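The values are calculated or read from the model by the stated rules, or taken from the named source; none is laboratory data. Because the structure is predicted, anything quoted here is derived from the model rather than measured. Every residue, glycine among them, receives a Cβ derived from its backbone with ideal geometry; neighbour counts consider all protein chains shown. In case anyone asks, the SASA skips ligands and DNA or RNA and just uses the protein heavy atoms, side chains included. Shrake-Rupley method; radii C 1.70, N 1.55, O 1.52, S 1.80 Å.
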Amino acid sequence: MRQAAGPVATRQIGEALGLEVGVRGKLEPLRGKLTKLADRGWLHKRPDGKFTVRP
């Protein structure tokens, strides 16, 4: 996330982590973890579903 130039989609994070992004079942657990991090204040989830780092 910190290396990205702007907001990042879950698919882009999955690609960077080496997950199979063509399989939806592989991305949903990642999306859930990212949402939890956003709920805890580590990340910011934008209305369009992309994530950014909190300042």
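Take the range 1-35 and flag every residue that is closer than 13 Å to K50 by Cα, of a type in the set (S, T, N, Q) and open to solvent by 60 Å² or more (accessible area, probe 1.4 Å).
Residue satisfying the conditions is Q12 alone.
For F51, work out the one condition from (1) at pLDDT 95 or above; (2) open to solvent by 70 Å² or more (accessible area, probe 1.4 Å); (3) in contact with a Lys or Arg (Cβ under 9 Å, 6 or more places away or on another chain) it doesn't fulfil.
Of everything listed in (1) at pLDDT 95 or above; (2) open to solvent by 70 Å² or more (accessible area, probe 1.4 Å); (3) in contact with a Lys or Arg (Cβ under 9 Å, 6 or more places away or on another chain), F51 misses just condition (2).
Return a yes/no flag: does the range 6-20 have any residue that is part of a loop (DSSP other than H, G, I, E, B) and of a type in the set (A, V, I, L, M, F, W, C).
Within the range 6-20 (the criterion being part of a loop (DSSP other than H, G, I, E, B) and of a type in the set (A, V, I, L, M, F, W, C)), the answer is yes, since at least one residue qualifies.
Which ones in the range 21-40 are assigned to a loop (DSSP other than H, G, I, E, B), at pLDDT below 95 and not aliphatic (A, V, I, L, M)?
Correct list: G22 only.
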